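Following: one structure in structure tokens, then a few remarks.
The values are calculated or read from the model by the stated rules, or taken from the named source; none is laboratory data. Keep in mind that this is a model prediction, so the values were computed, not measured. Quick reminder, even Gly has a Cβ in these numbers, built from the backbone with ideal geometry, and neighbours come from all protein chains shown. What goes into the accessible areas is simple: the full protein's heavy atoms, side chains included, and nothing from ligands, DNA or RNA. Shrake-Rupley method; radii C 1.70, N 1.55, O 1.52, S 1.80 Å.
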Amino acid sequence: MESANSTHTGGHAIKRQALTQGVSPAPRRDIFDTLPHWLDSPSLAYSSWLAGQRLKDSTKTVYIAMFGRFCQWLIGQGRRLDQLEADDIRKFLDSANPNLPESRKARTNSGRQRQQYVRQLEKVFAHLGSLGHAGTNPGRMAGYERVGSGSDKPTRFLSREEAQAVIRLIQTRLDELRKEEKSIDEWMEFRDLALIGVMIGGGLKVNHIERLTLNCMDMVEERIDLSRPGHAHRARLLAFAVPAVKAWLSVQEQMHGRKLEPAQKIFEADRSSGFGRNSKTVTLSASSIHRRTQRLLAIAGITGERASAQTLRNTYAGLLIDGGATDDHLVDYLGLQASVTAQRLRTAYARSQPKPAGDAHLSEEG
């Protein structure tokens, strides 16, 4: 994993070097380009800073107007640039434009405008960082959360109470099945408990589950290895999910007379009925996985849009974060393409958590 990351970083460094060859030095900063001036007179500082950028005059005019509107909104909120958060950018982009004619005033920003705002604010805060601003870059955070994409529904997580309800369901139903000495007769229940377990306790997606085979399962290390060449994905099973997965693997072994091949699919479907169900290779389809997931989550009291495999995967990430996982851990355990996605997940999870009563009061006062 480390070597893959270092190669990736090195590639970007080379690309940056190639892009900067032959480019003249940046223009010297003027008297307006100081952090205090940006915080006290952001519109003027932005206009002065933008004048030195290599952009068409028409583009500069548009950007100045856009940033001016943003500054008007910010003043209306009683905030300064150094108090801005990623969610403030979302609120701004969702607000109506007061500079439009009355007939169009209720319209919010278009998808393209949203992306332009996010990119410009990311550049502004990167520049403020060079001037000594020590805070985070809310423009970059907004980019991680895809605020400017035009379809920026917040990433869904189960609440801590809901996650515990799902975990209790897995544990209590598994205990009941064992006390009742159920096994092959109730094999689908064992399978479905393991199914939920590898989602909320292993972060697996539906397409992972569809292709999951016995040789991916490492129950000694308590992980599922879905790595591919050049792409590590070693899902660490959380403790509560391990017994359910082990129980299902044991039942499955009994079902097949203890003769399982390494390529045996883990989540097989009911072959006893239905057209074409007599093949030993039949596995749960994506639609079946969704239905089984929704059924069990409904038992745990979770319904609606959040009753999905993706929400369980996101919740797994949240449980890892609560457990102190680093960005490298998130990349490895979730099979992410880059650490930027781990950072976006971390930010989204933090924003999904309820604010303490004191913080909410301060927010209202501010």
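Of note:
- In segment 220-262, the residues that are in a loop (DSSP other than H, G, I, E, B), open to solvent by 40 Å² or more (accessible area, probe 1.4 Å) and under 22 Å from Leu336 (Cα atoms): Glu221, Glu222, Ser227, Pro229, Gly230
- Top-ranked residue of segment 308-366 - restricted to ones that are open to solvent by 60 Å² or more (accessible area, probe 1.4 Å), assigned to a loop (DSSP other than H, G, I, E, B) and not polar (S, T, N, Q), ranked as modelled with the lowest pLDDT: Gly366
- Enumeration of residues in segment 41-88 that are more than 13 Å from Val124 (Cα to Cα) and among the β-branched types (Val, Ile, Thr): Thr59, Thr61, Val62, Ile75
- The requirement of being of a type in the set (Lys, Arg), modelled with pLDDT of 90 or more and in contact with a Gly (Cβ under 6 Å, 6 or more places away or on another chain) is fulfilled nowhere in segment 283-301; no residue meets it.
- Only listed residue being touching a helix residue (DSSP H, G or I) at 6+ places or on another chain (Cβ under 9 Å), outside any helix (DSSP H, G or I), small (Gly, Ala, Ser) and at pLDDT 75 or above, chosen from Gly139, Gly135: Gly135
- Number of the exception - Glu162 against (1) surrounded by fewer than 22 Cβ atoms within 10 Å (Cβ to Cβ); (2) in a helix (DSSP H, G or I); (3) at pLDDT below 85: (3)
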